[in-house]
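The values are calculated or read from the model by the stated rules, or taken from the named source; none is laboratory data. What you see is a predicted model; the values in this text were computed from it and never measured. Positions of Cβ are backbone-derived with ideal geometry, glycine not excepted, and every protein chain shown enters the neighbour counts. Only protein heavy atoms, including side chains, enter the accessible area calculation; ligands, DNA and RNA are left aside. Shrake-Rupley method; radii C 1.70, N 1.55, O 1.52, S 1.80 Å.
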Amino acid sequence: MQLNKSFQKIRNLAIVAHIDHGKTTLIDSIFKAAQTFRTRENAKIEERIMDNNELERERGITIRSKPCTVEWGGYQINIIDTPGHADFSGEVERILSTVDSVILIVDANEGPMPQTRYVLRHALGIGLNPIVFVNKVDRPGAEPADALNKTFDLFFELGATDSQADFPVLYGSGLDGWAVSDLDKYGSVLECRSAGMNALFEAIIEYVPAPDVSPEAPFLMQVSTLAWNEYVGRIGCGKILQGSIKLGDTFIRTSTKWNSSDFSGNDWSITGTETARAAQIWVTRGLERVAVNEVFAGDIVWITGANEIMIGDTFSSPELEGNPMKPLSIEEPTVSMFFLVNNGPFAGREGQAITLRQLKARIERELHVNAALRMEDLGRPDGVKVSGRGELQLGILIEEMRREGIELCISKPEVITIEKEGQTLEPYEQLIVDIPEEYQGVVFEKLSKRKGKVKGIDNFQRGLIRIEFEIPTRGLIGYRGEFLTDTRGLGIMSSCFTGYGVWAGVVTARNRGSLVSLDAGEATAYQLENLQERGVLFISPLEAVYEGMIVGENSRPGDMPCNPTKKKQQTNHRASTKEATTKLDVPRRMTLEKALEWIAEDELVEATPQSVRLRKTIRDENERKKAAKKTL
């Protein structure tokens, strides 16, 4: 009976929301309120402590879901911080299978956004009853009542049951660390700050059910997340649904797969079994993984010992062999690009010029923990095709490789199409843009050329307009930078994958060509001053260039060959101060994401630990002309 008592004191939940609605910041305040760390550590807790990855801190986003544990009032509360960006939404799907409820965070200013709809639809679909937390109610322009009404409408649109639609509501500020169940009880928002986080903890204890588990039955769990360790290999994470397991116990790992792409019904089969021993077992306490000798029903645990572990694998007692759980649905990639060996003239100058074998090995290491990625060897001698849920997901992988000292080249992202009933289908997304009213004309014009269709318009704030589009994923590739330019940096856009639709036809995207270097050497201020009249430069004087390297954007359609290394002729008839009149604009520096959006189909991004360069796939101009003739 002691086991039964222990799991009744466990609460497993995930925090889900649209990007930048305050998930990680709220967890910071939960840590402080629960006194998870020692008093001195708690007082100095750094912001966004869950974002422990360098890239997460730089970009201000959560890339991978992470569990943490706090204790309050004798209860063990296991919380999973989930990514908010649509490219990592597949990880959210799997995480929800291990929890018993979710805290849905909604920004009091923005209201429900595309990712809010996505995660809520999945949570409702598997029968979870969410707790709604209206965040940032203390910000200027916040309208918590309006945000709550829109959230209720969203529950209704997504087919919530009566019990799901009767959700508890909390209002608060994750940044300032307070939550209340009724704003009207306080005279002002300033008075609410004294309330602390007790209302949130009380709601978790009251409304999040204890794990629905069977402590006396044989051991059973399903892997929902993977980790990797060079010494022990893959580590499977999941919630124990039945029984318990001790260090050294024998268990059966059973792999399953769906036989159809709709992930429904009982159309799945067993693909393999393995007998293993629990070599190591961990649970989360605070932020750390702690090794333990035994774990019980209701615990979220990490177990290693099996040779191969995949998402959805069943770990079970030997007496349950042959009765695995239904596989988890793993999201299919929608965008792909080629990862190529760097064969440019500067290969090896700024990093490690790896071989194809080394490139494959690095990507395979990523596949150990990221089930959303795919790698295809298409027989190319210089690279492989890598697929994922979006440009950002693949861009994060490239950035991590750069920081490991690796050099590589990457092709333009392209969407993955499928054939069904004689039709070509492509991925579509729900796009929401918040823009000042004066820029709606140019946004309508640009998105209509990219096959976007208006689904709704809302004047949600004074001077601001919110427009909802349905648009092919192809139409969004390369648009974000253009959107920020068109709206003078005042626009906000967010999107979420919604499914596949009929091929929309030709998408008009970039309508300007490239300035392509014909020579190698150092760029001169004299020649760059002439070139900037023909377009926008990407380089500065004295910067090394090579043949086929893209040094700028042409102001007209089509590529323009140029020689940025040309020097001024030396004569005896020039003023000594002539060079002082050279005026150069600040070059446009391409980040990795901007470069991937900008390049054309016949161009590559050369990514090194120090630089991001753009180049033509075929560097020699004459060879490019021959290749162009062959395609006509």
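Identification of strands (runs of 3 or more DSSP E) wholly contained in the stretch 406-451 with 1 or more residues that are in contact with a Gly (Cβ under 9 Å, 6 or more places away or on another chain) yields 406-411, 423-436. Contact map, the stretch 19-46: first residue assigned to a helix (DSSP H, G or I), second residue open to solvent by 50 Å² or more (accessible area, probe 1.4 Å) and at pLDDT 55 or above, Cβ cut-off under 6 Å, separation 6 or more or different chains; pairs are T25/L175; A34/W72; N42/K32; N42/Q35.
Being more than 16 Å from L220 (Cα to Cα) and open to solvent by less than 40 Å² (accessible area, probe 1.4 Å) is the filter here, so list the residues in the stretch 284-295 that pass it. Selection gives T284, G286, V292.
Among the residues of the stretch 296-324, the one identified as within 26 Å of A210 (Cβ to Cβ), surrounded by fewer than 24 Cβ atoms within 10 Å (Cβ to Cβ) and of a type in the set (D, E) is E319. Residue by residue through the stretch 477-508, note down the ones that are closer than 21 Å to V454 by Cβ, open to solvent by 40 Å² or more (accessible area, probe 1.4 Å) and not basic (K, R). Result: E482, L484, L490, I492, F497, T498, Y500, V502, W503, V506, T508. Looking at the stretch 451-470, which of its residues are basic (K, R), buried (at least 17 other Cβ atoms within 10 Å of the Cβ) and either at pLDDT 90 or above or more than 27 Å from the chain's Cα centre (by Cα) (or both)? Within the stretch 451-470, just K451 meets the criteria. Residues to consider are I103, I80; find the one that is modelled with pLDDT of 90 or more, closer than 27 Å to Q8 by Cα, of a type outside the set (S, T, Y) and within 25 Å of the chain's Cα centre (by Cα). After applying the criteria, what remains is I103. Here L190 fulfils each of the conditions (1) in contact with a Lys or Arg (Cβ under 7 Å, 6 or more places away or on another chain); (2) open to solvent by 40 Å² or more (accessible area, probe 1.4 Å); (3) of a type in the set (A, V, I, L, M, F, W, C) apart from (1).
Might you check whether a residue that is at pLDDT below 90, farther than 26 Å from G236 by Cα and buried (at least 19 other Cβ atoms within 10 Å of the Cβ) occurs anywhere in the stretch 351-372? Yes, the stretch 351-372 contains a residue that is at pLDDT below 90, farther than 26 Å from G236 by Cα and buried (at least 19 other Cβ atoms within 10 Å of the Cβ). Applying the criterion of being touching a Phe, Trp or Tyr at 6+ places or on another chain (Cβ under 6 Å) and aromatic (F, W, Y) to the residues of the stretch 230-284, the residue that is modelled with the lowest pLDDT is W258. In the stretch 589-609, the residues that are over 19 Å from F346 (Cα atoms) reach residues that are open to solvent by less than 50 Å² (accessible area, probe 1.4 Å) and acidic (D, E) with C-beta atoms within less than 8 angstrom, at least six apart or across chains, in these pairs: E593/E391; L596/E391; E597/E391; W598/E553.
P324 meets the conditions (1) within 23 Å of E93 (Cβ to Cβ); (2) under 28 Å from the mean Cα position of the chain (by Cα) in every case but one. The failed one is (2).
Against the numbered list (1) crowded, with 22+ Cβ neighbours inside 10 Å; (2) among the small types (G, A, S); (3) modelled with pLDDT under 90, A147 comes up short only at (3). The residue of the stretch 325-338 that is most open to solvent (accessible area, probe 1.4 Å), among those that are within 30 Å of G383 (Cα to Cα) and charged (D, E, K, R), is E332.
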